[in-house]
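These notes are about the structure you will find just below.
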Amino acid sequence: MPVRVVLPADPLLGQPEQEAVARLWRRRQTETGWLYLVGLPSYRNLEDGGVEAAEYRVWVRAPENVWPVDGVDYDQVPTEPLPPKSTVREVLGELRPSGWVLAKVHEGRGPARGVLHAPDCDEAPKGSPLLNLQRALDAAENPGTRLCTLCGCAQELTPMLRGFDHIGDA
């Protein structure tokens, strides 16, 4: 599909902005607006020293740098709109960082003790390595490890440790 593209001015050559007709390949919606993938006519050098017609593809902002050609139907152009906003995400807010953090508690003698936290918990030790799900579950099975109830670690990991059936028993 043809589109009109505004080429930037070149102050070194004293050239103003110019308009060219290009081929529209795709449209993509972003958080800041639309981008169009256009193919601008160009030339390329051949290995034998010859020159042939070519196309230079580049993403440009619409409508600042690209306009429709009158009478052209753009319904067939592949278009990538933004995914719809999740109602769940709007209600719950942003996701917390993935993983868990083990805070080691040294209380005298005996087996090691600890508390598992979400990484963004106020009680979590800063700079501690993140544990993936399996390592967090392994640590949680240790009788000396508690699961923090302030950050939701207990609510997230307990069903995986004991199954979901115990939830209705409480």
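Determine whether the stretch 104-115 contains at least one residue that is surrounded by 12 or more Cβ atoms within 10 Å (Cβ to Cβ), modelled with pLDDT of 85 or more and outside any strand (DSSP E or B). Among the residues of the stretch 104-115, not one is surrounded by 12 or more Cβ atoms within 10 Å (Cβ to Cβ), modelled with pLDDT of 85 or more and outside any strand (DSSP E or B), which makes the answer no.
Condition check ((1) open to solvent by 40 Å² or more (accessible area, probe 1.4 Å); (2) of a type in the set (A, V, I, L, M, F, W, C)) across all residues:
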position: Pro2; (1), (2): yes, no
position: Gly14; (1), (2): yes, no
position: Arg23; (1), (2): yes, no
position: Arg26; (1), (2): yes, no
position: Trp34; (1), (2): yes, yes
position: Leu37; (1), (2): no, yes
position: Leu46; (1), (2): yes, yes
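Residue-wise test of (1) within 26 Å of the chain's Cα centre (by Cα); (2) within 13 Å of Pro2 (Cα to Cα); (3) of a type in the set (A, V, I, L, M, F, W, C).
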site: Gln18; (1), (2), (3): no, no, no
site: Glu31; (1), (2), (3): yes, no, no
site: Leu35; (1), (2), (3): yes, no, yes
site: Val38; (1), (2), (3): yes, yes, yes
site: Ser42; (1), (2), (3): no, no, no
site: Thr79; (1), (2), (3): yes, no, no
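Only residues that are touching a helix residue (DSSP H, G or I) at 6+ places or on another chain (Cβ under 6 Å) and either under 10 Å from Leu102 (Cβ atoms) or not in a strand (DSSP E or B) (or both) were counted across the stretch 138-159, and they come to 3.
The values are calculated or read from the model by the stated rules, or taken from the named source; none is laboratory data. Quantities reported herein were computed from a predicted structural model and do not represent experimental measurements. Positions of Cβ are backbone-derived with ideal geometry, glycine not excepted, and every protein chain shown enters the neighbour counts. To get the accessible areas, we keep the full protein, side chains included, count just its heavy atoms, and leave off ligands, DNA and RNA. Shrake-Rupley method; radii C 1.70, N 1.55, O 1.52, S 1.80 Å.
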